[in-house]
Amino acid sequence: METSSTATRAPLYTIRPSTGWSAVNLKELLQYRDLLFVFASRDVKLRYRQTLLGPVWILLQPLMGAGVLSFVFGGIAKLKAPGHMPIFVYSFTGMLGWNVFSGLISKVSVSLVGNTHLISKVYFPRLLLPFSTIFGVLIDFTAALLIVPFLLVAFHITPGLPLLMLPVWVFLLALMGMGIGLCASAVMVLYRDVSPMVSVVMGFLPYISAVGFDLTQVRPEFKHIVVYNPIIGLLEGMRWSLVNLPFSGSANLAYSVVASVAIFFLGIMAFKRMERIFADVI
Amino acid sequence: MSSSDLAISVRGVAKSYMIAHEANKEESNDFSFTAAVRKRARSGGKREEFWALQGVSMDVYRGDVVGIIGRNGAGKSTLLKVLSRITEPTRGEIDVYGRVGSLLEVGTGMHPELTGRENIFLNGAILGMRKSEIRSKFDEIVDFSGIERFLDTPVKRYSSGMYVRLAFAVAAHLNPEILIVDEVLAVGDSEFQKKCLGKMQDVASHGRTVLFVSHNLTAVQGLCKSAVWLAKGKVKEAGDVGRVCNNYLNEAYSESAVDRSWDDMETAPGDASFRLARARVSVNGPENDVISVSTPLYLEFEYWNLQPDTVLNLSLHVYNETGVMAFNTTSVGEPNWDGRAFPCGKYRTVCEIPAGLLNDGTYRVELLAVKDRGTVVFMMEDSLLFEVVEDPSTRAGWMGKWPGVLRPNLSWCTTVSDGAITTVRQA
C-alpha cells in the first residue's frame, strides 16, 4: 500500500502543446540510446541482406566510384590533379569525404518517410531516426579508409602530422550532411518533391566541390561563386591530412568550419520545429 | 481518491487537424498537369479545421482498467495517440504518472528481412524496452511465442500466425506501469484474441493501469471496471462500465442512419429516372427496439421510378465495419414485380434479413438500383448504417470478439453412432 500521505506526486512528465522553437531533450535522447543502436544495426544488417558479395560492396563502392571519376576527369578530360598527385588518389580521397557528406544526406533525408509506420504508431524521440544513420555512414567511411594505406604505399606518399586532424574534417562533413539531411527529412514529410530535388542536387554538387578535380582550374568568372561552397574547404582538409596535399587557397577554411556548424544547428532547429506535425501529416 | 493515486490526468485536451477539401467531381476527371496544379492551388485555400478532440478531461487512477468506447471517428484513436505522445494535443495538458507502454498494433516496426531473434530486439526496443531488459526476458519471450525452431529465419518466411505470435510475445513482456491498448484484439485468430485478453486481465490484476480502446463491448465489459464514452471528440459519459456501455448501445442505435426520408421528389437523391424517398431499417417490434444478433431485421426502401416501363431491381451491398462486403443480395426473383416493367410511380421494396445471420457490429448498406438487368441508374454508398448488438445468451461464455463476417445460425446435430465402443473401452 502507498503511504497515506496526501502530498501530490509530481507527474513523470506532462504532455502539452509545444510552442515556437523547442530545444533538443538531450536527457531523453540518452535514455533512448538503446533504440538508437537498434535502428542503426537494423539498417546495417538490412543493407547487404540477399546480396552475393555482401560487405565487399563497402570496399567496391568507393573504389569503383574513384575509378570512374579518375577515368572521366583524368582519362577523358585530361585534367591534372594538383601537386603531381595521381588523379586516382586525388579522386579517392575526395570520394572518402564526399561520401560521408552525401551518404548522410541521402540516408537522413529519407529517414522519416521511410519509417512512416513507426512514426504513426509509437513514440520515441524522432531525432533517433536521422541520428541512427550515422553509424552506417561511418562504417562505410572506415572501410574505405582501410584502402588508403595501400594507396599511400603504392604511390609513395607519406602523410605527416596533419593526419591527426582527420577526425575533425570527418566530423565537420558529417555535421553539414546531417544538417542538410535533417532539413530535407522534415520538409519531405510534407512534400515528397524534396526527394527528386535532393537527388538532382547531389548529382550535380560533386562537380563544384572538388571531388574529382581541382577547382583552381575552373574559369575565373565562376571562381567567386565556387568559394561559397563550404564543402571544398573540408575536402581539401581531408587531402591535407591523408595525402599531405597543401590547401589550394581557392577555399576559405574558417568559412567552411562556421558554415558546417551553422548548417547543423539550422537543420536541428528546422527538424524540431516540424517534429510536432510529423505524425499528423506523414 | 487522492491525487497521489493518479495515473493519468487529462485536462481539456483538444486536437485539430487541417483537412483539405476535394475539388468538384467534374474537375477531377482532368488529370493534366495544369489541372493538378490548379487544383492544388485552389484547395490550398479550402482547407478546413477539423476538431478530432474537443476538450476531453478525465482522471485515471492507478490500478484502474478503463475501456474507451465510441463510434468510428469519435476521437478514440486520436486520444490514444495523444496519450502515447505520437501526436501533440492542440490544446490542454496531460499529466502522466508512470512509464507508459502503448500497443497501438502488434509488431510495430518488425522487419520482414530480419530474423525472429533480431526482430525481438528491434520490436522490444521500439516498444520502449531497454536492451538489458529484453535480454533478460529473451528466453521467456521465445517460449511464449513457440517459434523457437524458426528463431534464425527471416520473419518474411513465417506464416501470419507465427508472425503475430512472435509480435505478441514481445508485447506481452512489456512491463509498463500504464498500458495503453488499441483494438489489438481486432487482428489474429480467436486463439490469439483469447491470449490477448488473458494477458490484459493479467496485467490488470497486478494492479497496473490499463486503458483499452475497443469496438468490442463484450471484451470491454469483461475486462474493465469503468468506461469512458467518447462522442464527437468529447466525453459523453464516464463511469461504471455496465451503465456506460448500455447507454452507448441505446444511443448508437438511435443515432445510426436507420431511417432516412426525402419528402420532396425534386430534391431527393437520384436523377430524372430514379429518386430515393426513404431508406429504413426496422425490427419486428417496438419502434426503438435494438437490433441484436438474434432479431430478424427489415431493410426497406421507397423510391420513385420516373421513367416509364423500366424493369427495375434493387441490389444491396452489405459491408461490415472493417469494409468487408458481407454479402450482396438482389431483388431478382422477388415474387410481385421482378421482371415486370414498372410504370412511373412510387414503390416500396423490403428485404428481410433473418435472425441469426449477421454478426455483431456496424453494417453499412450500399443501395443500387439496376435498370433492365444491367444498367445501374442509382447508387448510394451509405443508404443505411446500423448496429447489430450482442445477445449475451448466444455467446456460450466466449468473451472475445466473435470472429467472422457473418454469424449464421446453422443447424447442428450430434448422435451416438456406435455406443458400444466407449462402453467396451471403459470396461
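Can you give the relative contact order of the stretch A:27-281 as a percent, counting alpha carbon pairs under 8 Å and 6+ residues apart?
27 percent
Under 18 Å from a point placed 7 Å out from the Cα of A:MET64 along the Cα-to-Cβ direction: which residues of the stretch A:14-49 have their backbone N that close?
The answer is A:47-49, whose backbone nitrogens lie closer than 18 Å to the label point.
Give me the percent of the accessible area of the stretch B:259-388 that comes from carbon and sulfur atoms, probe 1.4 Å, all protein chains in place.
Result for the stretch B:259-388: 47 percent of the exposed heavy-atom area is carbon or sulfur.
Provide the solvent-accessible area of B:TRP402, counting protein heavy atoms only and rolling a 1.4 Å probe, rounded to the nearest 10 Å².
It works out to around 70 Å².
Not counting ligands, DNA or RNA, and with a 1.4 Å probe, what is B:HIS206's accessible surface area in Å² rounded to the nearest 10?
The value for B:HIS206 is about 120 Å².
Have a look at A:LEU53, A:LEU163, A:LEU12 and tell me which one the Gaussian network model of chain A (Cα, springs below 10 Å) gives the largest fluctuation.
Largest GNM mean-square fluctuation: A:LEU12.
How much of the accessible area of chain A, in percent, comes from carbon and sulfur atoms when a 1.4 Å probe is used?
72 percent
Hey, how many Å between the Cα centroid of the stretch B:313-335 and the Cα centroid of the stretch B:359-382?
Cα centroid to Cα centroid, the span is 7 Å.
Ignoring ligands, DNA and RNA, how much accessible area is buried between chains B and A, both sides summed, with a 1.4 Å probe, to the nearest 100 Å²?
3700 Å²
Using a Gaussian network model of chain A whose springs link C-alpha atoms within less than 10 Å, name the residue from A:ALA40, A:ALA66, A:ALA254 with the highest mean-square fluctuation.
Its mean-square fluctuation being the largest, the pick is A:ALA254.
Using the heavy atoms of the protein chains alone and a 1.4 angstrom probe, what is the accessible area of the stretch B:259-388 per residue in square angstrom?
47 Å²
Using a 10 angstrom cutoff on alpha carbons, build the Gaussian network for chain A and name the most mobile of A:PHE73, A:PHE222, A:PHE265.
A:PHE222
Points 7 angstrom from Cα along the Cβ direction at B:ASN250 and B:ASP271: gap in nanometres?
4.5 nm
Report which residues of the stretch A:13-33 become buried by 40 Å² or more of accessible surface when going from the isolated chain to the complete set of protein chains (1.4 Å probe; DNA, RNA and ligands ignored).
A:TYR13, A:ILE15, A:ARG16, A:PRO17
From the backbone phi of the stretch A:192-205, what are the Karplus-calculated ³J(HN,Hα) couplings (6.51 cos²θ - 1.76 cosθ + 1.60, θ = phi - 60°) in whole Hz, Gly and Pro given as x?
Result, ordered by residue: 6, 4, 4, 4, x, 4, 4, 5, 5, 5, 6, x, 9, 4 Hz.
222 nm [θ] for the protein assembly as shown, helices only, -39500 (n - 2.57) per DSSP H run of 4+, per residue, to 500?
Value at 222 nm, helices only, nearest 500: -12500 deg cm²/dmol.
Might you tell me the accessible area per residue for the stretch A:27-281, computed with a 1.4 Å probe and given in Å²?
Per-residue value: 46 Å².
Would you mind checking the tilt of helix A:33-47 against the longest principal axis of the Cα atoms of chain A, expressed as 0 to 90 degrees and rounded to 10?
Between helix and principal axis, roughly 50 degrees.
How far is helix A:87-109 tilted off the main Cα axis of chain A, in degrees rounded to 10, range 0 to 90?
Taking Cα atoms only, the helix is inclined about 20 degrees.
Go through B:LYS195/B:LYS236; B:LYS15/B:LYS76; B:LYS199/B:LYS232; B:LYS346/B:LYS371; B:LYS195/B:LYS234 and tell me which ones have a Cα-Cα distance over 21 Å in this structure.
B:LYS195/B:LYS236; B:LYS199/B:LYS232; B:LYS195/B:LYS234
Could you pull out the pairs from A:LYS107/B:LYS194; A:LYS45/A:LYS272; B:LYS131/B:LYS225; A:LYS27/B:LYS225; A:LYS272/B:LYS156; A:LYS272/B:LYS137 whose alpha carbons sit more than 31 Å apart here?
As for pairs spanning more than 31 Å Cα to Cα, those are A:LYS107/B:LYS194; B:LYS131/B:LYS225; A:LYS27/B:LYS225; A:LYS272/B:LYS156; A:LYS272/B:LYS137.
Only counting protein heavy atoms at a 1.4 Å probe, give the residues of the stretch A:77-122, ordered by number, whose accessible area falls by 10 Å² or more when the other protein chains are present relative to the chain alone.
Residues shielded by partner chains are A:HIS117, A:LEU118, A:SER120, A:LYS121, A:VAL122.
The values are calculated or read from the model by the stated rules, or taken from the named source; none is laboratory data. Small disclaimer: the values here were computed from a predicted structure and weren't measured. Positions of Cβ are generated from backbone atoms using ideal geometry, with glycine treated the same way; all protein chains shown enter the neighbour counts. The area values use the complete protein model at the heavy-atom level, side chains included, leaving out ligands, DNA and RNA. Shrake-Rupley method; radii C 1.70, N 1.55, O 1.52, S 1.80 Å.
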